[in-house]
Amino acid sequence: MTKLNKDYWERKYDLGDTGWDIGYISTPLKEYIDQLKDENLKILIPGVGNAHELFYLVENGFSNVYVIDIAKQPLEYIKRRIPDFPDDQLLEGDFFDLELNNFDLILEQTFFCALDPRRRTDYVHKIQQLLKPNGKLIGLFFNFPLSEAGPPFGGNPAEYKSLFKKHFRIKILETAHNSIKPRADKELFFIFESK
């Protein structure tokens, strides 16, 4: 399997090979954010990429948003778009090394599916460590068979439930009704609450 490290992802950005980026915030995440009332929520976006979720949150009054990416290009892009974005909320590094915690909400958009599937249990433990008790992990998982080919790497509802149920309450895990056409019936919207 290809090493999915900093060099791999920075090369993807250098080549403009960012097929995961739909160019705007995905509808399921937009609609979830639209119903949030507390603009002071402490939010994390791992593997922020081109930051469509961040820009949408900031435009809607959320300022306590942290982002992390292993590649430098997404963070440089954010700084160009929002020059006064706080440096201490703009994190370059490996998600698994992140030491901040007490997040109310973590937004998952094409990060989990980009990780080596052997790291999925590590991901669950890290997310639980980063969230406050009763904090939420929300977002989209792909719903297609897991294979060696990737990223993106797929999975199915039974796998995801099995992976998360020990540490999270599965509030919602269902086919997203508002995916973009190319991803219709291939995305699961979920809300998991930390135990």
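Between Leu44, Leu107, Leu91, the GNM of the chain built on Cα springs shorter than 10 angstrom shows Leu91 fluctuating the most. When Rg and Dmax of the Cα atoms in Å is computed from the coordinates, the matching label among [x] 15.6, 43; [y] 16.2, 52; [z] 15.5, 49 is [x].
At 222 nm, what value in deg cm²/dmol follows for the chain if DSSP H runs of at least 4 each add -39500 (n - 2.57) and the sum is divided by all its residues, to the nearest 500?
Rounded to the nearest 500, it is -8000 deg cm²/dmol.
Pairs Lys37/Lys171; Lys6/Lys42; Lys42/Lys195; Lys30/Lys79; Lys37/Lys72; Lys126/Lys171: which exceed 24 Å Cα-Cα? Among Lys37/Lys171; Lys6/Lys42; Lys42/Lys195; Lys30/Lys79; Lys37/Lys72; Lys126/Lys171, the Cα-Cα distance tops 24 Å for Lys6/Lys42; Lys37/Lys72.
Using 0.36 nm per residue and subtracting the Cα-Cα separation, the extra length available between Asp116 and His177 on full extension is 19.2 nm.
Annotation: amide H of Ile22 has no partner in the under-5 Å range at sequence separation 5 or more or interchain, hydrogens built in the peptide plane.
Could you state the per residue volume, in Å³, of the convex hull enclosing the Cα atoms of the range 3-97?
106 Å³
Only beta bridges with both residues in the chain are counted; by DSSP, about 50 percent of them are antiparallel.
Pairs of alpha-carbon atoms within less than 8 angstrom and 6+ residues apart define the contacts here; what relative contact order does the chain have, in percent?
This gives 19 percent for the chain.
If we count every other residue with Cβ under 11 angstrom of Gly49's Cβ, Lys/Arg +1 and Asp/Glu -1, where does the sum land? Local charge sum for Gly49: -2.
Computed from the coordinates by the stated procedures, all read-outs in this text should not be read as laboratory data. Every value quoted in this text rests on a predicted model; they were computed, and no experiment measured them. We place every Cβ from the backbone using ideal geometry, glycine too, and count neighbours over all the protein chains shown.
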